Amino acid sequence: MNDFDCDLFVIGAGSGGVRAARVAARLGAKVTIAENHRFGGTCVIRGCVPKKLMVYASHFRDDFEDAVGFGWSSASPSFSWPSLIETKNREISRLSDLYRRLLSDAGVTCVEGSARVVAPQRVEVDGRRFTCRHILIATGGWPFKPDIPGAEHALTSNEVFELPEQPRRILIVGGGYIAVEFAGIFHGLGSEVTLSYRGDRILRGFDQDVRTHLANEMRKKGISIALNSDLEAIHKRTDGRLDLQASGIAGADRPYDAVMFATGRVPNTGGLGLESVGVKLDKQGGVVVDAFSTTNIASIHAVGDVTNRIALTPVAIREGQALATTLFGGTPTSPDHDCVPSAVFSQPPIGTVGLTEEDALARHGEIDIYTTRFRPMRHTLSGRDERTLMKLIVDTASDKVAGAHMVGPDAAEIIQGIAIALKMGATKADFDATVGIHPTAAEEFVTLRDPVRKRRSAH
């Protein structure tokens, strides 16, 4: 019989951990989950959900302006930051309570407190000991702060959702998806925004056309982007505002109300006791796992951002479900990390799936590139100077579409459907044979007839 307190002990009640716990319990396992903050994890509490709500809020200023071109009378609406934070907090509380209720309804035992692995099959939570057949690490990631003087005065994505007042002038440091998303949020809500990035182009790792197009659109909106720049120190004034010591940032001689670091995230493995029991970690502190999310110790597993694989909520959910099925469903299941679609809720937003142009060239050797740039139909009357980018990358030899990228309204919604086609191995001929829905932006993906360029690898 089972001599353990539980079959599975999950540390971290975020998306991956909750899915693993619920599926394992449904498969008959005795499951306990520990959380030291609020149930729901990064995505629900301080990530995707509150960020998307704030993206919605930040769009209304443009919507009010655009309405005039469609015959609506000009209005002078006002915005209340405290009201937004209050309503956002109510929704986050509702979702957190829902996560906990779903776990309880599934028969999972919920424990509040900081868990630590003290042996390959033993966990301690604030002095309480649990013996466990299996342990799952699902503690996600944590914002990285550069080690500069005055860094303690800066915000990260953890604290930005709880600001009591909206900063009138904010510097956002970083060039990744979190940086560009919050640049759009604060600008849309009326703040003066400067984005500072050490590199020569934002969104490292994305397709080059996408990177250039978004930067141009952000600048047109009035967001200042300081490339090849560096924040060296932050000094807090007696009035609470911040003076900067920086290079390459225009206007840095004027005080800022807030500085936000969006300089990446690192696996949240500190204080878990993993190294002391022999669990292998990578250079960034991520838990090293095999294709089935198991560490070098057979009883300890990890899913989600803490593994430093693909840091996306739906991926963590798939990994959690696959692990539970492997351990308790009798079917070894490896999560599929190929051709994963993603979105950046910048303004305008990005949707992407498959390979970038450079990666496709390296993998296939010869590719055809199809692109289109156009003014969205909405803006023919609104008068707004915004353009959409769509791009298909095709492997010349097989005619398969290797990558699809979009910058423009509804990009995430459109790319989700395109992702199904790419996952099924669709060819450019399949796209060409598909009838478009008119008038939509999405139809452009099936009307791209002639490549704008053909590329062949030098190798």
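The values are calculated or read from the model by the stated rules, or taken from the named source; none is laboratory data. Since this is a predicted model, take the numbers as computed values, not measurements. Don't worry about glycine lacking a Cβ; one is built from the backbone with ideal geometry, like all the others, and counts go over all protein chains shown. Side chains included, ligands, DNA and RNA excluded: accessible areas come from the protein's heavy atoms. Shrake-Rupley method; radii C 1.70, N 1.55, O 1.52, S 1.80 Å.
Before moving on, here are some points about what is shown:
- Eligible aspartates and glutamates near K30 by straight Cα distance, threshold 18 Å, same-chain separation 8 or greater: D3, D5, D7, D105, E112, E124
- When segment 214-371 is described by a simple charge dipole with +1 on each Lys and Arg Cβ and -1 on each Asp and Glu Cβ, the residue from A302, L244, V315 located farthest towards its positive end is L244.
- Segment 367-423 and segment 259-310 have Cα centres spaced 35 Å apart.
- List M424, M260, ordered by accessible area with a 1.4 Å probe, largest first: M424, M260
- Bridging of K51 to lysines at a Cα separation below 19 Å is possible for K88, once same-chain residues fewer than 8 apart are set aside.
- The listed peptides 139-149, 62-72, ordered by packing as a protection proxy, come out as 139-149, 62-72 (highest mean of other Cβ atoms within 10 Å first).
- Ligands, DNA and RNA left out, the 1.4 Å accessible surface of segment 239-347 is 50% carbon and sulfur atoms.
- Accessible carbon and sulfur surface of segment 374-459 relative to its total accessible area, %, 1.4 Å: 55 percent
- The chain, relative contact order [Cα under 8 Å, separation at least 6], %: 15 percent
- Sequence-distant residues sharing a close amide H with G264 (under 5 Å, placed H): F144
- Ligands, DNA and RNA are left out, and with a 1.4 angstrom probe the accessible area of the chain is 47 Å² per residue.
- Summary of packing: across the peptides 293-300, 304-311, the per-residue average of other C-beta atoms within 10 Å ranks them, highest first, as 304-311, 293-300.
- Amide H partners (placed H, <5 Å) of H301, local residues excluded: I135, L136, I137, T295
- For L244, the solvent-accessible surface with a 1.4 Å probe is about 20 Å², rounded to the nearest 10.
- For segment 114-212, the direction-averaged projected area of the alpha-carbon convex hull comes to 10.5 nm².
- Between 0 and 90°, nearest 10: helix 411-423 axis offset from the chain longest Cα axis: 60 degrees
- Against the chain, whose longest principal axis is taken from its Cα atoms, helix 313-328 shows a tilt of about 30°.
- Over the Cα atoms of segment 300-390, the radius of gyration divided by the Kirkwood radius equals 1.15; this is the Rg/Rh ratio.
- Probe 1.4 Å - accessible area at F345, Å² to nearest ten: 50 Å²
- Computed over protein heavy atoms with a 1.4 angstrom probe, the accessible surface ordering of H37, H187, largest first, is H37, H187.
- Residues N228 and A67, FRET efficiency given R0 of 41 Å [Cβ-Cβ distance, rounded to 0.05]: 0.60
- Taking 37 °C and 0.692 mPa s as conditions, segment 187-253 diffuses translationally at an estimated 246 µm²/s according to Stokes-Einstein applied to its Kirkwood radius (Cα pairs).
- If you model segment 121-175 as an ellipsoid using its alpha carbon gyration tensor, with each semi-axis the square root of five times an eigenvalue, the axes come out at 37, 14, 12 Å, biggest first.
- Segment 213-218 - phi-based ³J(HN,Hα) in whole Hz, Karplus 6.51/-1.76/1.60, Gly and Pro as x: 4, 5, 4, 4, 5, 5
- Estimated distance in nm for a label pair at S457 and D399, the labels positioned 7 Å out from Cα along Cα-to-Cβ: 2.3 nm
- Flagged links, alpha-carbon separation over 25 Å, of K220/K400; K52/K428; K145/K220; K391/K454: K220/K400; K52/K428; K145/K220
- For the chain, average projected area of the Cα convex hull in nm²: 25.4 nm²
- 0 to 90° range, to nearest 10: angle between helix 177-188 axis and the chain longest Cα axis: 50 degrees
- The alpha carbons of segment 74-163 stretch over 64, 43, 20 Å along the principal axes, in descending order.
- Within the accessible area of segment 32-151 (1.4 Å probe), percent carbon and sulfur: 52 percent
- Packing-based ranking of 158-166, 199-207 yields 199-207, 158-166, ordered from highest to lowest mean Cβ neighbour count within 10 Å.
- The accessible area of Y56, taken with all protein chains in place and a 1.4 Å probe, comes to roughly 120 Å².
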